[in-house]
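S.K.: Quick one: this structure, given as structure tokens, is what I'll be asking you about.
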Amino acid sequence: MSTSTPAKKEIAAIKGTKDILPGEVGIWQKVEAEAKGLFEFYGYRELRAPVFEATDLFEKGTGETTDIVTKEMYTFTDKGGRSITLRPEYTPSVARAIIEHRLYLQPDPLRFYFIGPMFRYDKPQKGRYRQFHQVDVEVFGEKDPAIDAEIVEMADTLLKNLGVQNAETLVNSVGCRACRPAYSKDLRAHAEKVRDLLCPDCQRKIATNPLRIFDCKVESCREQAARFPKISSYLCRECRDHFTKFCSYLDLFGIPYKVEPNLVRGLDYYTKTTFEIVSSGLGAQNALLGGGRYDDMMKDFGGPDLSAIGFALGMERLISILKIKPEKSKFLYIATLGEAAKTKGIEFARFFRRQGVESLIEFVGRSLKNQMSRANKLGAAWVLIVGEEEIRKGLYQLKDMATGNQNEAKAEDLLKIICDSA
Ligand code: AMP
């Protein structure tokens with residue numbers, strides 16, 4: 001009879017989520033720093049909203065007929081009986097925060113950015129997660145199509161600065177509340193004629209929101225959608241004008257683009273401009289970022305009549321195609337032997353860190369030889385050797401790991417050697 005206890009089952013991360021481990025976090029930090037620096041340069045400021053919000057914010061904002069709201073939200077009732085949702089996207093939170101804090105009464109431009117996790121209960125696959133991260137950018141109160149083009153140019157600059165190649169900018173206009181109803185009516189009539197060729201989901205969309213059929217990934221639905229009428233022939237004068245000017249500003253900014261007449265994007269709130277930047281390096285989920293204008297959300301939320309435009313960029317997708325490697329930091333490894341040396345080593349770690357030198361001292365009780373080979377393996381730039389003999393003399397050995405040169409000196413002089421060679 002076996003007396004061994006059964007192996008304990010390991011706890012794993014939830015499906016559709018993933019850990020960003022120290023080995024890959026450097027690239028995340030680099031992208032985040034690049035994005036923040038660039039956005040600040042264009043007059044944007046960070047706005048951090050809570051991870052969860054009242055469910056009706058997204059029902060009202062994102063839209064009741066969207067896939068996000070109908071199928072993908074992480075919604076629960078909290079202990080106070082409120083319906084809460086983990087944010088599936090960021091735009092409604094920004095609109096809410098502007099109204100709640102009356103930010104529109106302040107003189108600062110209403111230009112905001114944020115980087116953080118979003119949550120959607122979608123089918124996990126390559127490029128699609130249940131917790132994923134977006135770089136989000138929003139502008140309020142600027143109606144002019146010049147801002148539509150500038151925001152696209154800013155996104156394009158970010159991608160270029162990060163070395164993204166093979167990206168293509170797609171643009172369209174989805175009209176407004178004045179011209180879209182006539183289009184939806186015709187679209188509904190066309191979809192009705194081919195109802196049997198559409199998936200059950202799209203059959204439902206015929207009544208609720210026929211534009212959403214364009215989001216469907218089912219091949220037969222895509223084939224049918226390609227034959228539906230195009231919104232461009234239905235745009236009112238104002239929307240047509242806006243789109244023409246948007247395109248000419250894109251030319252002015254030097255951004256190549258393609259007009260994609262079926263680009264409606266998966267959200268209900270868009271008005272006029274929609275855009276997407278896609279990359280051939282991504283596979284089936286090829287959208288790196290998407291955005292558009294949403295001129296009705298603020299007034300629909302009971303706020304002032306402020307037009308708005310924004311985009312969201314998927315961090316996981318972006319990082320999956322980046323070739324950049326973050327630079328390895330140059331650091332000092334402090335190797336100590338014995339109790340007195342450990343105390344001195346701690347003092348040195350504090351001293352060097354205060355002087356701006358990244359320093360590592362480990363408390364594992366390794367031999368000096370083992371500490372040297374460990375410093376080598378970790379890629380330390382220098383090793384400081386602190387032993388009893390060194391403490392007695394008040395002189396310490398500093399080894400430059402790149403050249404193998406060794407210097408014996410006081411800590412202050414060694415600091416100078418480090419700073420001169422850094
Ligand atoms: P959306 O908010 O749906 O307009 O998406 C904007 C961008 O976020 C997309 O272009 C993707 O890069 C990214 N994204 C959206 N959904 C997911 C997801 N489930 N997993 C990973 N990235 C996503």
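Since every read-out is calculated from the coordinates, none of them should be taken as a lab result. Treat the numbers as computed from the prediction; the structure is a model and nothing was measured. All Cβ positions, glycine included, derive from the backbone under ideal geometry; neighbour counts span all protein chains shown.
S.K.: Would you mind computing, in nm to one decimal, how far apart the modelled labels at ILE99 and ASP300 are, each placed 7 Å from Cα along Cα→Cβ?
M.R.: 1.1 nm
S.K.: So if the hydrodynamic radius of the chain is defined as the Kirkwood radius over C-alpha pairs, what does Stokes-Einstein give as its diffusion coefficient at 10 °C and 1.306 mPa s, in µm² per second?
M.R.: 63 µm²/s
S.K.: Give the percent of DSSP beta bridges with both residues in segment 332-421 that are antiparallel, rounded to the nearest 5.
M.R.: Numbers: 8 of 15 bridges.
About 55 percent, rounded to the nearest 5.
S.K.: May I ask for the angle, rounded to the nearest 10°, between helix 180-193 and the longest principal axis of the chain, with both axes built from Cα atoms and the value confined to 0 to 90°?
M.R.: The two axes meet at around 80 degrees.
S.K.: Where in segment 20-106 are there trypsin sites (Lys or Arg not before Pro) that are in a DSSP coil and have at most 14 other Cβ atoms within 10 angstrom of their Cβ?
M.R.: Values: sites: LYS30, LYS36, ARG45, ARG48, LYS60, LYS71, LYS79, ARG82, ARG96, ARG102; in loops: ARG48, LYS79, ARG82, ARG102.
Answer in residue order: ARG48, LYS79, ARG82, ARG102.
S.K.: Just to confirm the number: angle between the C-alpha axis of helix 145-161 and the first principal axis of the chain, 0 to 90 degrees, nearest 10?
M.R.: Between the helix axis and the principal axis of the chain, the angle is about 30 degrees.
S.K.: As I understand it, the dipole of segment 332-421 uses +1 on the Cβ of Lys and Arg and -1 on the Cβ of Asp and Glu, about the Cα centre. Which of LEU368, GLN406, VAL386 lies farthest toward its positive end?
M.R.: Working it through, the farthest residue towards the positive pole turns out to be LEU368.
S.K.: Next up: What trypsin sites (Lys or Arg not before Pro) in segment 315-422 are in a loop by DSSP, with at most 15 other Cβ atoms within 10 Å of the Cβ? Working shown, then result.
M.R.: Values: sites: ARG317, LYS323, LYS328, LYS330, LYS342, LYS344, ARG350, ARG353, ARG354, ARG366, LYS369, ARG374, LYS377, ARG392, LYS393, LYS399, LYS410, LYS416; in loops: LYS323, LYS328, LYS330, ARG366, LYS410.
Answer in residue order: LYS323, LYS328, ARG366, LYS410.
S.K.: Further question on the same structure: List the longest stretch of the chain that has no exposed loop site; here a site is one of the GluC sites (Glu not before Pro) assigned by DSSP to anything other than H, G, I, E or B, with at most 16 other Cβ within 10 Å.
M.R.: Working: sites that count: GLU10, GLU64, GLU327, GLU358, GLU362.
That gives 65-326 as the longest site-free run.
S.K.: Below 30 Å, Cα to Cα, which lysines can LYS185 reach? Residues fewer than 8 away in the same chain don't count.
M.R.: Within the straight-line cut-off, LYS185 pairs with LYS60, LYS71, LYS143, LYS193, LYS205, LYS217, LYS230, LYS245, LYS258, LYS272, LYS299.
S.K.: Continuing with this model, one more query. If you bin the C-alpha pair distances of segment 332-421 every 10 Å from 0, what whole percents do you get?
M.R.: Percent of Cα pairs in each bin: 18, 58, 24, 0.
S.K.: Oh, and also: Count charges around ALA335 for me, please; just the other residues with Cβ under 11 Å from its Cβ, Lys/Arg as +1, Asp/Glu as -1. Intermediate values should be presented prior to the final figure.
M.R.: Numbers: positive: LYS342, ARG366, LYS369, ARG374, LYS399; negative: GLU362, GLU390.
My count for the surroundings of ALA335 gives +3.
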